[in-house]
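Engineer: Please see the structure below; I have some questions.
The values are calculated or read from the model by the stated rules, or taken from the named source; none is laboratory data. A quick note: this is a predicted structure, and the numbers were derived from the prediction, not measured. Neighbour counts run over all protein chains shown; Cβ positions are idealised from the backbone, glycine included.
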């Protein structure tokens, strides 16, 4: 019987959340996640987000010390990858979930785009998540354009249905008993 354990097994990511804060109950150790969000919006770039938390829950880690690196990049490769979290943590047992609260202060985004958050444990990528940062001015312009196009389409339909020859202004006023 082979009792040797493979120590090179990739860990399991149980949870990854971006949120405003995490409260850990000192009596029970339970984690309460506050203000989950999955994107940011700004109008004057670059923007700086004052504070966020990247909450990460891992399991199936070998017992002992591990290295966590969390970085932000963009899929196009136009921006340099920035390491945001670089720390060590201990795992007591492969069956125990390790919850890591990673506070991030003053994270800067130079432009609106779809960023990626990359999580590495012991120099191995274990998780990648998208993190869109949107320009509210561009969003407003796109919404306005969409509404104008919808209005133009409705206006064309109205023009096609309207026949000026069938309308007699006198008939309308004779039947109308409303007061102006």
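Engineer: From the list 76, 62, which residue is out of contact with any helix residue (DSSP H, G or I) (no Cβ under 9 Å at 6 or more places or on another chain) and more than 19 Å from residue 131 (Cα to Cα)? Give the derivation first.
Structural biologist: On the way: 76 fails: more than 19 Å from residue 131 (Cα to Cα).
After ruling out the rest, the residue left standing is 62.
Engineer: For segment 97-132, give me each residue that is surrounded by fewer than 15 Cβ atoms within 10 Å (Cβ to Cβ), at pLDDT 95 or above and part of a loop (DSSP other than H, G, I, E, B).
Structural biologist: Listed by number, the residues that qualify are 97, 123.
Engineer: Name the pairs: first residue in segment 43-63 and within 15 Å of residue 23 (Cα to Cα), second residue outside any strand (DSSP E or B) and at pLDDT 95 or above, Cβ to Cβ under 9 Å, at least 6 apart or on different chains?
Structural biologist: Short answer, once both residue conditions are applied: 52/37; 57/97.
Engineer: Being surrounded by 11 or more Cβ atoms within 10 Å (Cβ to Cβ), under 18 Å from the mean Cα position of the chain (by Cα) and assigned to a loop (DSSP other than H, G, I, E, B) narrows it down to one residue among 45, 55; which is it? Don't jump to the end; show me each part of the working.
Structural biologist: On the way: 55 fails: assigned to a loop (DSSP other than H, G, I, E, B).
One residue alone meets the criteria, 45.
Engineer: Still on this structure: So, in segment 70-92, exactly how many residues are assigned to a strand (DSSP E or B), surrounded by 11 or more Cβ atoms within 10 Å (Cβ to Cβ) and touching a residue at least 12 places away in the same chain (Cβ under 8 Å)? Break it down stepwise before answering.
Structural biologist: Within segment 70-92, the subset assigned to a strand (DSSP E or B) is 70-74, 82-91.
Okay, now just the ones that are also surrounded by 11 or more Cβ atoms within 10 Å (Cβ to Cβ), so 70-74, 82-87, 89, 91.
Those left that are additionally touching a residue at least 12 places away in the same chain (Cβ under 8 Å): 70-74, 83-87, 89, 91.
Matching residues across segment 70-92 total 12.
Engineer: Right, here's the next one. Evaluate the following for residue 24: is it surrounded by 11 or more Cβ atoms within 10 Å (Cβ to Cβ) and in contact (Cβ under 8 Å) with a residue 40 or more places away in the chain?
Structural biologist: Values: surrounded by 11 or more Cβ atoms within 10 Å (Cβ to Cβ): yes; in contact (Cβ under 8 Å) with a residue 40 or more places away in the chain: yes.
Considered against the rule, which asks whether it is surrounded by 11 or more Cβ atoms within 10 Å (Cβ to Cβ) and in contact (Cβ under 8 Å) with a residue 40 or more places away in the chain, residue 24 comes out as yes.
Engineer: Taking the stated definitions as given, is residue 32 surrounded by fewer than 14 Cβ atoms within 10 Å (Cβ to Cβ) and within 30 Å of residue 134 (Cα to Cα)?
Structural biologist: Values: surrounded by fewer than 14 Cβ atoms within 10 Å (Cβ to Cβ): yes; within 30 Å of residue 134 (Cα to Cα): yes.
Considered against the rule, which asks whether it is surrounded by fewer than 14 Cβ atoms within 10 Å (Cβ to Cβ) and within 30 Å of residue 134 (Cα to Cα), residue 32 comes out as yes.
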